[in-house]
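In what follows, a single structure is set out as structure tokens and then discussed.
Read-outs: derived from the displayed coordinates by stated rules, not from any lab. The structure presented is a predicted model; accordingly, all values stated were derived computationally and were not measured. Here the Cβ positions follow ideal geometry from the backbone for every residue, glycine too, while neighbour counts run over all protein chains shown.
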Amino acid sequence: MLKTILLISQITIPLLLIAAILLQQKGTALGGAFGGGDGGSFYSKKRGLEKKLGIATIILSSLFLINSLLNILVR
């Protein structure tokens, strides 16, 4: 039962993580990483949906790491 839950979550968490990553900063391309396109300031405050996607990415990546470690321990 636990192996089945871990297997299903091992498939769904990375898919959600990929979606969260792909939805972030749509349209800035690589120029935003080198300071272009935002007036020269490298750091900016995240607001609204962008902030929620950032938090979701951190949570999903942490869940993926924990799930992977649990998957190794259960086998």
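Given R0 = 30 Å, the distance between the Cβ atoms of Ile72 and Ala19 translates into a calculated FRET efficiency of 0.75.
Give, in nm to one decimal, the length gained when the segment between Lys45 and Ile5 is fully stretched (0.36 nm per residue of separation minus the Cα-Cα distance). Working shown, then result.
Values: separation 40, 0.36 × 40 = 14.40 nm, distance 3.73 nm.
Between Lys45 and Ile5, full extension yields an extra 10.7 nm.
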